[in-house]
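A short worksheet on the structure shown next.
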Amino acid sequence: MTDIIIKNLPILVVICPLMMSLIVVLIPYNFLSWVITLSTTFITFIFSLLLYQEVYLHTSISYALGNWAPPLGIEYVIDKVSIVPIIIISLISFITTIFSSKIMPAEINSSSISKVYSLWLLAIAGLIGLVTTGDAFNLFVFLEISSLASVALVAMGGQKDKQGLVAAYNYLVLGAVGATLYVIGVGLLYGITGTLNLADLSKRIAEINDNKALIAGFGFMIIGIMVKAAVFPLHIWLPRAYAYAPSAVSVLLAATATKASLYILARILFSVFDISDTLIINTLQYVILPLSILAMFAGTIMAIFEKDIKRLLAHSSIAQIGYITLAFAIGTKASVAAGFIHLFNHALIKGALFMAITSMSFYINKRITINNLSGLGREMPITFVCFVICSLSLAGIPLTAGFISKLYIIKASISADGIWIAMLILASSALSVVYLWKMIEALWFHEGPKNLLIKENSLVYIPLLIITFLNIYFGLDASLVVNSSFEASEQLLGARK
Amino acid sequence: MDKNPILRIATKILFAPIILFGLYVQFHGDFGPGGGFQAGVIFASAFILYAIVFGLEKGKELFPLNINLFLLALGGILYGGVGIASMLLGEEFLSYNVLGTSNQAGQHIGILLVEFGVGLTVSNVMIALFYAFADFKRSGETK
Amino acid sequence: MISSSLGVWNYWVVFLLMMIGLFLVIGRKNLLKKIVGLTIFQTSVFLLYITFGKIQGGTAPILNNINDTIYSNPLPHVLILTAIVVGVATTALGLSLVLRINSEYGSIEEDDISAQDLVDYHELIETNKNVSAKFKK
């Protein structure tokens, strides 16, 4: 039995949540559906760790679905590049499922909770399938599965606050337009090359030169993925979708959904197309680089002026996504590795920050704005300490994970002759301290509401403590993350040069 | 609408041939145009026609909601079950070759079962969507 | 040049439908019209794929027992079936959201909805200002 599991691991990471989601929808008991969801995410996390061991001890896995060999059949590719987002998504989904056991019943009607867990598992299955697949159209299918499940999850926030419905509608329309643009790009590339397999596409594209349909197809694909990855200025759906979703859902989406699309962007830019091609160099230098710098500053400045705390954190997510695309846009091996490091660390940081804020709003049972944050830090010491550590990580203070990723991005930009990029990164990190200090000052130094007795619930602060501990651990000993990212970038870019 | 004799009699006459046509399209998917999705939609349209003409209550009596939800999940589980069965028999996920005695028989059985699962899920999704939209009251509560 | 432009008239129709769909999504303020525009946009993409699959002199890709038949490429047809199902799911989700928005807000025009949201947002910020924000000594 175990060798069947070991042989089929690449598909089991996707199928396990997918099948369990269909079973959970039939179960009417809330606690039982939570237990099944928890065990499914735990088993998926164990599978992804086994895959990590397999990829690093042996070689990359290419799994042909239905025994039809690629390039005619659909193949699932697990190599050192794709193992990074798989580990992120399965780890975050497991920890968030522990967190959601107390948070979910506070915001959603108890008759809909098992259906929400079914959508939860469907979104996780869609995200893991997105990063595992090696076929361009299968990627579109998983992109839409994860996107539609996320829209339905965000719309569940409409039970408490009706703005969640409008946020979900905007997310749906913009996401569908983006996915359709991606499909147009795939269609154009299929028309020129005749294949849909990503590895085969890269071989055939290298033989074609000077074809306008190739440039058009590339453009459509990149713009479609940038809508899903919330790169500025196509990020309009993100702030309201994360702010008005149910709290546990915003933790899951903020930490995983855009990361998977950013990984796909890196894959298309570097693996399918040739890095030394003038098309890619021009795109990186004239399109993605300016947009990333704009994203960094626009996100931070909008966060400074925002009064609603969840919207503030969503705007700062846009700035951090700007850092990741900036690292990809510099285009050297070191900078792409730095991009992967920040991909991993930002998932941990944003997950923890959203968890801290939602546990505060759970205890006081109101929507958190900058005004009713006063004094809550004194009432909830554990949550407050985790919040401070993770905001230090967001600003890039040494001894935390955020410092490591900013260090590597700055090192890579200096070694690629971009001193001005490094100074802009430092400037926007300094700006981000403004809104972080605003929140910390209100939490601790202001007088709180009188006669408020808060007892912190262990199922709520233990996942928060785990992620904060991971933040500090990966800040002190980052060798695991850094080595994996450098190996990933080597495999992504090294095939060509 | 059920007072009108033409609509009533036409629905009663048409109901069975629509379902028959749906089953025909479903099982002829590997010889001609057809397959799971198209057959599922045709199958669902028979029940939706009945519910439109005779009223939502009688439509729900004919095809209750909990059977609907159960068959919906069953279709997807059937699809995944075929894949898992081929995994347990030693091959990759969704390789139909091992499901029968020869390669061709295995492919035939595999495609038939998978398309049947798709048809079940699609028809129940369409009927469930119709029930959800028709049941929606202004106050924002569905049953 | 005229005959070669007329020979590819399929692509002109694709282009026309795509632009009509995008204009409806971006340029109309009614939520239902946006969904209609999205559907038209997705339909134009289906037409693009099917046009790529047609081979000159090819018939429908259904197996018949005559030797030496030229069939059109069946792969785009399969891709479009999948994309149609995805489009149906998107439309169903969008329409159910419009129904809920209508029952909560009372209208489906974007102007009315954002006006109500702005009022709610300012109410939220103003009422919470009553909590005193003095420094703790």
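The table below lists the values:
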item	result
Members of segment A:358-382 that are assigned to a helix (DSSP H, G or I), buried (at least 23 other Cβ atoms within 10 Å of the Cβ) and among the polar types (S, T, N, Q)	A:T358, A:S359
Yes/no for C:L93 being modelled with pLDDT of 90 or more, within 14 Å of chain B (Cβ to nearest Cβ), within 19 Å of A:E144 (Cα to Cα) and out of contact with any Gly (no Cβ under 9 Å at 6 or more places or on another chain)	yes
Single residue of A:L143, A:L139 found to be among the hydrophobic types (A, V, I, L, M, F, W, C) and touching a Ser or Thr at 6+ places or on another chain (Cβ under 6 Å)	A:L139
Segment C:46-63 - residue that is closer than 17 Å to A:G191 by Cβ and hydrophobic (A, V, I, L, M, F, W, C) and, of those, farthest from the other protein chains (Cβ to nearest Cβ)	C:I55
Residues (facing chain A (nearest Cβ under 9 Å) and among the polar types (S, T, N, Q)) located in segment B:59-98	B:S86, B:S95, B:N97
Residue in segment A:228-235 that is part of a helix (DSSP H, G or I), in contact (Cβ under 8 Å) with a residue 40 or more places away in the chain and either within 14 Å of chain C (Cβ to nearest Cβ) or closer than 30 Å to A:I349 by Cα (or both) present	yes
Residues satisfying the stated conditions in segment C:5-25, i.e. under 24 Å from C:Q56 (Cα atoms) and either of a type in the set (V, I, T) or assigned to a loop (DSSP other than H, G, I, E, B) (or both)	C:V8, C:V13, C:V14
Residues satisfying the stated conditions in segment B:95-113, i.e. closer than 30 Å to B:F47 by Cα and surrounded by fewer than 21 Cβ atoms within 10 Å (Cβ to Cβ)	B:H108, B:I109, B:I111, B:L112, B:L113
Filtered residue count, segment C:105-119, keeping only those that are buried (at least 16 other Cβ atoms within 10 Å of the Cβ) and within 13 Å of chain B (Cβ to nearest Cβ)	1
Flag for C:S44 being under 24 Å from the mean Cα position of the chain (by Cα), modelled with pLDDT of 85 or more and small (G, A, S)	yes
From A:L153, A:L143, A:L139, A:L148, residue being within 9 Å of another protein chain (Cβ to nearest Cβ), within 18 Å of the chain's Cα centre (by Cα) and more than 17 Å from C:E104 (Cβ to Cβ)	A:L148
Hits in segment A:95-120 (condition: of a type in the set (A, V, I, L, M, F, W, C) and within 16 Å of the chain's Cα centre (by Cα))	A:I95, A:W120
Flag if C:D68 is more than 14 Å from chain B (Cβ to nearest Cβ), touching a residue at least 24 places away in the same chain (Cβ under 8 Å), out of contact with any helix residue (DSSP H, G or I) (no Cβ under 8 Å at 6 or more places or on another chain) and not β-branched (V, I, T)	no
Selection from segment C:2-14 of residues that are exposed (fewer than 13 other Cβ atoms within 10 Å of the Cβ) and aromatic (F, W, Y)	C:W9, C:W12
Among the residues listed as A:G134, A:G187, the single one being within 11 Å of chain C (Cβ to nearest Cβ), over 30 Å from C:I113 (Cα atoms), of a type outside the set (A, V, I, L, M, F, W, C) and in contact with a Leu (Cβ under 6 Å, 6 or more places away or on another chain)	A:G187
Only one of A:Y76, A:Y56 that is in contact with a strand residue (DSSP E or B) (Cβ under 7 Å, 6 or more places away or on another chain), touching a residue at least 24 places away in the same chain (Cβ under 8 Å) and more than 30 Å from A:S458 (Cβ to Cβ)	A:Y76
Selection count where residues are touching a Ser or Thr at 6+ places or on another chain (Cβ under 8 Å) and assigned to a loop (DSSP other than H, G, I, E, B), scope segment A:383-410	2
Flag for A:V13 being farther than 21 Å from A:M156 by Cα and free of Cβ contacts under 8 Å to residues at least 60 places away in the same chain	no
Condition check for A:I454: in contact (Cβ under 8 Å) with a residue 12 or more places away in the chain, in a loop (DSSP other than H, G, I, E, B) and more than 23 Å from A:G299 (Cα to Cα)	yes
Candidate set: segment A:121-133, residues that are among the hydrophobic types (A, V, I, L, M, F, W, C) and closer than 18 Å to A:L51 by Cα; chosen: the one farthest from the chain's Cα centre (by Cα)	A:A125
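A quick yes/no check of all residues on (1) under 30 Å from A:V13 (Cβ atoms); (2) at pLDDT 90 or above; (3) crowded, with 17+ Cβ neighbours inside 10 Å:
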site: B:A73; (1), (2), (3): yes, yes, yes
site: B:F93; (1), (2), (3): yes, no, yes
site: B:L129; (1), (2), (3): no, yes, yes
site: B:S139; (1), (2), (3): no, no, no
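Yes/no per residue for (1) within 14 Å of another protein chain (Cβ to nearest Cβ); (2) surrounded by 15 or more Cβ atoms within 10 Å (Cβ to Cβ); (3) closer than 27 Å to A:S100 by Cβ; (4) among the polar types (S, T, N, Q):
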position	(1), (2), (3), (4)
A:L348	no, yes, yes, no
A:A356	no, yes, yes, no
A:I404	no, yes, no, no
A:I409	no, yes, no, no
A:Y435	no, yes, yes, no
A:K438	yes, yes, no, no
A:H446	yes, yes, no, no
A:S458	no, no, yes, yes
A:I462	no, no, yes, no
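The values are calculated or read from the model by the stated rules, or taken from the named source; none is laboratory data. Every value quoted in this text rests on a predicted model; they were computed, and no experiment measured them. Neighbour counts are summed over all protein chains in view; Cβ atoms, including those assigned to glycine, are modelled from backbone coordinates with ideal geometry.
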